[in-house]
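The values are calculated or read from the model by the stated rules, or taken from the named source; none is laboratory data. Just so it is clear, the model here is predicted, and its values are computed rather than measured. For neighbour counting, all protein chains shown are included, and Cβ atoms are generated from backbone atoms with ideal geometry for every residue, glycine included. SASA here: full protein model, heavy atoms, side chains in, ligands and nucleic acids out. Shrake-Rupley method; radii C 1.70, N 1.55, O 1.52, S 1.80 Å.
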Amino acid sequence: QVQLVESGGGSVQAGGSLRLSCTASGIIGPINAMAWYRQAPGKQRELVATISSGGNTNYANSVKGRFTISRDGAKRTVDLQMNSLEPEDAALYYCNVVAWLGNYWGQGTQVTVSS
């Protein structure tokens, strides 16, 4: 059974930091890309950051310079370090894994940023 377990969400004041983590288990075969998405109330889910199996990263323009995505291939984890958080960053953050045999999602972890 595939599981993506996210942790690290919470409430912070603007300017603060949070670190999200996601651990994937039960996935058969190699993992290609890992990513974080987010969805704010009334908005569509949007891509925040991706990291390939080779370590190449891409970020949404709105988070460049503030967020950093990293992964541990052996542990099958992906982290998102979020600094200088803004109220606009508040959302439900989802871990996404693109593997050889499928595309998987976590349940989401809530990030709240107060001004």
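Condition check: farther than 24 Å from Ser115 by Cα, without any contact (Cβ under 8 Å) to a residue 60 or more places away in the chain and of a type outside the set (Lys, Arg). Does Thr50 satisfy that? Answer is yes for this residue. For region 63-87, residues that are touching a residue at least 40 places away in the same chain (Cβ under 8 Å) and closer than 15 Å to Gly16 by Cβ total 8.
Report yes if Gln13 is free of Cβ contacts under 8 Å to residues at least 12 places away in the same chain and either exposed (fewer than 14 other Cβ atoms within 10 Å of the Cβ) or out of contact with any strand residue (DSSP E or B) (no Cβ under 8 Å at 6 or more places or on another chain) (or both), otherwise no. Here the answer is no, as Gln13 does not meet what is asked. Of all residues in region 27-41, those that are surrounded by fewer than 18 Cβ atoms within 10 Å (Cβ to Cβ) and either closer than 23 Å to Gly9 by Cα or of a type in the set (D, E, K, R) (or both) total 3.
Of all residues in region 42-62, those satisfying the criterion of being open to solvent by less than 40 Å² (accessible area, probe 1.4 Å), under 17 Å from Cys22 (Cβ atoms) and of a type in the set (A, V, I, L, M) are Val48, Ala49, Ile51.
Note on region 63-113: among residues that are of a type in the set (Gly, Ala, Ser) and either buried (at least 18 other Cβ atoms within 10 Å of the Cβ) or within 10 Å of the chain's Cα centre (by Cα) (or both), the one that is nearest to Gly29 (Cα to Cα) is Ala99.
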